[in-house]
Each structure stands twice: as structure tokens, then as C-alpha cells.
Amino acid sequence: MREKQDILSLSLEEIQQAVQELGQPHYRAQQILQWLHRGIKSFDDMTDLPKAFRELLAERFYIVKLQMLDKRTSSAGDATKYLFLLQDRNIIESVVMRYKYGNSLCLSTQVGCRMGCKFCASTIGGLVRNLSAGEMLAQVIEVNKDLEKGGERKVGNIVLMGIGEPLDNYDNTVKFIKMMHYPMGLNMSYRRITLSTCGLVPKMMDLAEEGLPITLSISLHAPNDELRKLIMPVASAYSIDEILKASRYYFKKTGRRVTFEYALISDLNDRERDAIELARRLKGFPCHVNIIPLNNVRGLGYKRSSQATVERFVSLLKSQGIAVTKRRELGLDIEGACGQLRRSYLERVETRQDER
Ligand code: SF4
């Protein structure tokens, strides 16, 4: 017997194909997609489809589900972190960040990550597996439902900056982004989507070729390759020069200026000469620098820079003509950095198992 397929991971074209194979008219695909992206959990509830067709769909497909394991809102109320259990018992997290302009959702694209950045909790257990496009979409759907329940606005922006390297799961990530844009679905403008990468150059070039006007955000975190190699193993594969070249190409293809993320780590990349070197490399480049005070992660041994150092770094970049902002810190008391809540959940489970 044919194995059931996750229908939430299917594109409109793939649903159309399935509808045709099942002998139904073309417009049924749009009806199905509308129900799915609204968050329906069962084919039985697709009330405008003939009953026999719903049964056929249920024989052939399933709808991927996420179970909310935990939800924590910061004391300031500006961020909520969700811990979700996947159907194969893996765990991921998603974070809602509340801004004046609306709610942003930072979501996961993989279970774990194999990039090995030294300051990141998500990579501690390595990569477990890629998420499907449906599992990414399900994070948006579940969080929207929860926000609506609390009388809040739905997710207005998506940031692919949670657990995982989105470009290491390229096909599913691009498929998800296109799905978010369906007018009969969640209808999100591409401009409201940001993809963050540690700098996988060939995939950045592929993404540029897609021509999607999403914001590309690159985790740079160092002004030169030597320093970058100390904290990001990916720097041994791709140099900053190659990243800048790919970023220029991305700008040329999409018209979107890229963002460079720079997490300030005490006594490592936060010196005056680092700011000057960074400014020299980025001068004249259509970009924006986002300074992030590092979130301290237990056991990783890096410390965040002092407030005064952060301010000095930002003003040095500004004085060199670089467009720079300091990211507002949200959810510090809910283990807000990517992978931290999942990590502490897994540690708690491991401790309980050891105690048995
Ligand atoms: S920072 Fe991003 S790319 Fe680096 S290990 Fe963490 S999740 Fe992976």
C-alpha cells in the first residue's frame, strides 16, 4: 500500500495534480489549500468538499500536526516562546516577538543544526533532521491560532532565524516561503519575510536566482576570516569576500539590500579595531548592520559585551557612514536565544532519565 503523504507540505501545483488524479475539478485544489492554511486538522471538516472525496483524501494524505509542549511569555510581555513536539517526537521552538508595527514570528527550519557556531545552543546536539515545508507552515498556523485566542494580531512578519540553517534545508525552505505568499492562503508579502544564513555562498547564489524579494540576513559576527573561524566553522569553507560577492549579486537580482548580523562577544569581536575594519569592508555596500548583544548560553563560555562597549561599537560604525541599528532585546528571561529553550527542555528530560 502507498504510504500516506503530508498534504500541508504540498504546493498548490502538487495539490492540483493530486486533485486531477482523484478525478475532481481543478478548483478543488484551492478549496483544500484554503482549509489547510486556515489550520484545519481533519479532512472531515472540509465541508464544501463531497464526502466521498474527503474520504479519498484521508486515505492518501495526512495533515502534519504540532503539539504545544510549553509556552513562556517574557515578564515584559514582549516575547513568547513556544516549544512544539513533532509527530516523530522531536522538539522545535518558535518565538513571537511583539513590536509596535506587529507580531514577528521567528521559526525553526531544522531539528538541530550542523553549522557548529560556537555561541549557539541550537547546534549542541548537531543536526537531527530537516523540517518539511508543512512543519514550517504548521508553526505559523499554530502560533496564529494561539495569538487569535488571546485577542492578538496574527503573525505579520516571518523571520527564518530559529533552530537550523535555512539554506541547509534549501528546497523545503524556499517551498515554504512561496507557500506563505499564496493569495488564497496566508497571503504574506515577500517583503515581510527575512531569511537568516550563516553564509552558505552557493545557496545564497541559488536564492538570488529565485528572485524572491525577501530580506537576506547574514550572520557575519566578525570583520575578518581569522576571527570568524574562531567562532563559526563555516568560515573555513566560505570567506567574507565570497559572502560579500554573493550579497552584491543578491542585491542585483532582488533589489533588496542585505542585513549583516553582528553579535558582540566580550573581548573577542567587540574592539574598536574590529568596528573600524568592519566599516572599511562594508563601505559603499548597500547593506544594513544589525548589532546584537549576545545572549549568554550556559556552558558555551562566551560573555556579552558591556552596554558601554555596544554603544561605542555602534557609534563607531555610524561615524564611518554605515547604516546600523542595535537590535531591541526581547524575551531575555525566557531563554530567548535560538535553541536555548529546546536545549534546557532536553537537559531536563535527560536529567529525569538519569535519575530513574
Ligand atoms: S547560529 Fe544558526 S547556523 Fe549557527 S549553529 Fe546556530 S542555528 Fe546553526
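The values are calculated or read from the model by the stated rules, or taken from the named source; none is laboratory data. Computed from a predicted structure; not experimentally measured. Here the Cβ positions follow ideal geometry from the backbone for every residue, glycine too, while neighbour counts run over all protein chains shown. Side chains are part of the model used for accessible areas, which takes the heavy atoms of the whole protein and leaves out ligands, DNA and RNA. Shrake-Rupley method; radii C 1.70, N 1.55, O 1.52, S 1.80 Å.
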Positive-end residue of Ala18, His37, Ile7, charge dipole of the range 5-62 with Cβ unit charges: His37
Student exercise, the range 5-62 dipole from Lys, Arg, Asp, Glu Cβ charges, in Debye to nearest 20: 140 debye
Among Asn169, Ala208, Tyr182 - extreme Cα towards positive end, dipole of the range 115-266, charges at beta-carbon: Tyr182
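At 222 nm, what value in deg cm²/dmol follows for the chain if DSSP H runs of at least 4 each add -39500 (n - 2.57) and the sum is divided by all its residues, to the nearest 500? List each step's numbers first, then the result.
Values: 11 runs with 131 residues, N = 356.
My calculation for the chain gives -11500 deg cm²/dmol from helical runs alone.
Using Cα-Cα distances under 8 Å and only pairs 6 or more residues apart, what relative contact order does the range 67-352 have, in percent? Don't skip to the end; give the middle numbers.
On the way: 553 pairs, mean separation 51.3, N = 286.
That works out to 18 percent.
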Length released on extending from Glu242 to Asp225, taking residue separation times 0.36 nm less the Cα-Cα span: 5.0 nm
Highest average packing first - 217-223, 139-145, Cβ atoms within 10 Å: 217-223, 139-145
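Between Lys154 and Lys252, what FRET efficiency follows from the Cβ-Cβ distance if R0 is 35 Å, with the result rounded to 0.05?
Values: r = 34 Å, r/R0 = 0.96.
It comes out at approximately 0.55.
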Cross-link partners of Lys81 among aspartates and glutamates (Cα-Cα below 15 Å; sequence separation of 8 or more within a chain): Asp70, Glu93, Glu142, Asp146, Glu329, Asp333, Glu335
Residue with peak Gaussian network fluctuation, the chain [Cα springs, cutoff 10 Å], from Met46, Met188, Met161: Met46
The range 174-218 versus the range 54-103: alpha-carbon centroid distance in Å: 20 Å
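Can you give me the % of accessible surface on the chain that is carbon or sulfur? Probe 1.4 Å, all protein chains present, nothing else counted.
Values: 7760 of 16060 Å².
So the carbon and sulfur contribution to the accessible surface is 48 percent.
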Restraint check, Lys252/Lys303; Lys118/Lys175; Lys253/Lys283; Lys154/Lys326; Lys4/Lys145; Lys178/Lys245, Cα-Cα greater than 31 Å: Lys252/Lys303
Residue with peak Gaussian network fluctuation, the chain [Cα springs, cutoff 10 Å], from Tyr170, Tyr99, Tyr182: Tyr99
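Taking only protein heavy atoms into account and a 1.4 Å probe, give the accessible area per residue of the chain in Å².
On the way: 16060 Å² over 356 residues.
That works out to 45 Å² per residue.
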Stretch gain in nm, segment Met205-Glu277, where the contour uses 0.36 nm per residue and the Cα spacing is subtracted: 23.4 nm
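Work out the length of the dipole vector of the chain about its Cα centre, built from +1 on the beta-carbon of each Lys and Arg and -1 on the beta-carbon of each Asp and Glu, and round it to the nearest 20 debye. Walk me through the numbers on the way to the answer.
Values: 53 positive and 43 negative charges, 188 e Å.
Computed charge dipole of the chain: roughly 900 debye.
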Alpha-carbon centroids, the range 1-24 and the range 246-292: separation in whole Å: 43 Å
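Going highest first, how would you order 203-216, 100-113, 13-26 by mean Cβ packing within 10 Å? If you can, show how the numbers build up before the last one.
Working: 203-216: 17.9, 100-113: 20.9, 13-26: 14.1.
The most tightly packed comes first, giving 100-113, 203-216, 13-26.
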